[in-house]
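Here is the structure we will look at, set down as structure tokens.
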Amino acid sequence: MRNYLKIGFMAIAILVLTASVSVTETRAQSSIINEILKRMDEHYKALASLKSNVTMDKYNSQLDEHDVSEGTVVYLPAKGRDATVRIDWVKPQQEILVVLNKTYVDYKPSIKQAITGKVSDVQKGGNTGGMLDFMSMSKDQLRENYAIRYMGEENVSGSISTWHLELTPKAAKSYKSADIWVDKDGMPIQTRMNEKNNDSSTILLSGLRKNETINGGVFKLSLPPDVKIIKN
């Protein structure tokens, strides 16, 4: 479940030859990073809701294997930059994660089990930091918590133009760094979490539908009576 919360509920070093070039590059870095963070901030403030498809690619560096999951996400910003979220994983197996009122429920129908707990407890363990977390952070929070490098412009999914940022935590985290790809509207559409053992988890949002009316009932998860509930 924590793997999904890393999603679940999330970046241009250039060698220089002279001191004057170094100053120029540093100023250019600062300028483009400021613009990207500004657009992210403005985008989040204008975001009333989000629906999209979601794909997660978990890479095992020792086995050189990829484990890909597919599903959908519904996201509602909330006061204080908290968020209400529902992720329905459908491939390779069904799993539902709901974050509501700072509490999460991770339901696995195949084994009739649901894990529930406080989002803050998971955050204390350093296991968050996925796309949805980055999307809800203000520019000041990002600067306070991460050393940020601009890695250049890149296309995501073949045709979507993005800015690539690399974020290195200033304080100890369970991961060593993160990469985010931000589109021209200021929307982070892809995130890669880079683990200390060189494993990684890449999350891609596609088919974005913003500011549609969402029935709050979608976040009320009704569990069958035979489901075992584990409090984490």
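Label-to-label distance for SER120 and THR55 is 3.8 nm, based on points extended 7 Å past Cα in the beta-carbon direction. Can you classify segment 42-198 as rounded, prolate or oblate using the Cα gyration tensor, where a ≥ b ≥ c are the square roots of its eigenvalues, rounded means a/c under 1.5, and otherwise it's prolate if a/b beats b/c and oblate if not? Taking the square roots of the gyration eigenvalues as a ≥ b ≥ c, segment 42-198 is rounded. For segment 62-123 versus segment 143-205, the spacing of their alpha-carbon centroids is 20 Å. Taking a sphere under 9 Å around the Cβ of LYS139 and counting the other residues whose Cβ falls inside, with K and R at +1 and D and E at -1, yields a net charge of 0. Across the cross-link table entries LYS102/LYS210; LYS91/LYS196; LYS58/LYS102; LYS51/LYS184; LYS38/LYS210; LYS38/LYS176, which are compared at the Cα atoms, the separations over 21 Å belong to LYS102/LYS210; LYS91/LYS196; LYS58/LYS102; LYS38/LYS176.
The calculated FRET efficiency for THR213 paired with ASN101, based on their beta-carbon distance and R0 = 22 Å, is about 0.60. A cut-off under 12 angstrom between Cβ atoms defines the neighbours of LYS210, and their net charge, with Lys, Arg +1 and Asp, Glu -1, is -1. Protection proxy ranking, highest mean first, for peptides 206-215, 94-103: 94-103, 206-215, where packing is the per-residue count of other beta-carbon atoms within 10 Å, averaged.
What is the sum of charges around LYS176, taking Lys and Arg as +1, Asp and Glu as -1, for the other residues whose C-beta is under 12 Å from the C-beta of LYS176? After counting each charged neighbour, the total is -1.
Partner aspartates and glutamates whose Cα lies under 18 Å from the Cα of LYS228, excluding those fewer than 8 positions away in the same chain, are identified as GLU95, ASP106. A full extension of the chain between ILE230 and MET151 corresponds to an added length of 24.2 nm, given 0.36 nm per residue minus the alpha carbon distance. Taking 0.36 nm per residue of separation and subtracting the current Cα-Cα distance, fully stretching the chain between GLN94 and ASP64 would add 8.3 nm. Put simply, when 146-158, 191-203 are sorted by average Cβ atoms within 10 angstrom per residue, most first, you get 191-203, 146-158.
Read-outs throughout are calculated quantities, based only on the coordinates presented, and are distinct from any laboratory measurement. Only a predicted model underlies this, so the values are computations on that prediction, with no experimental measurement involved. Every residue, glycine among them, receives a Cβ derived from its backbone with ideal geometry; neighbour counts consider all protein chains shown.
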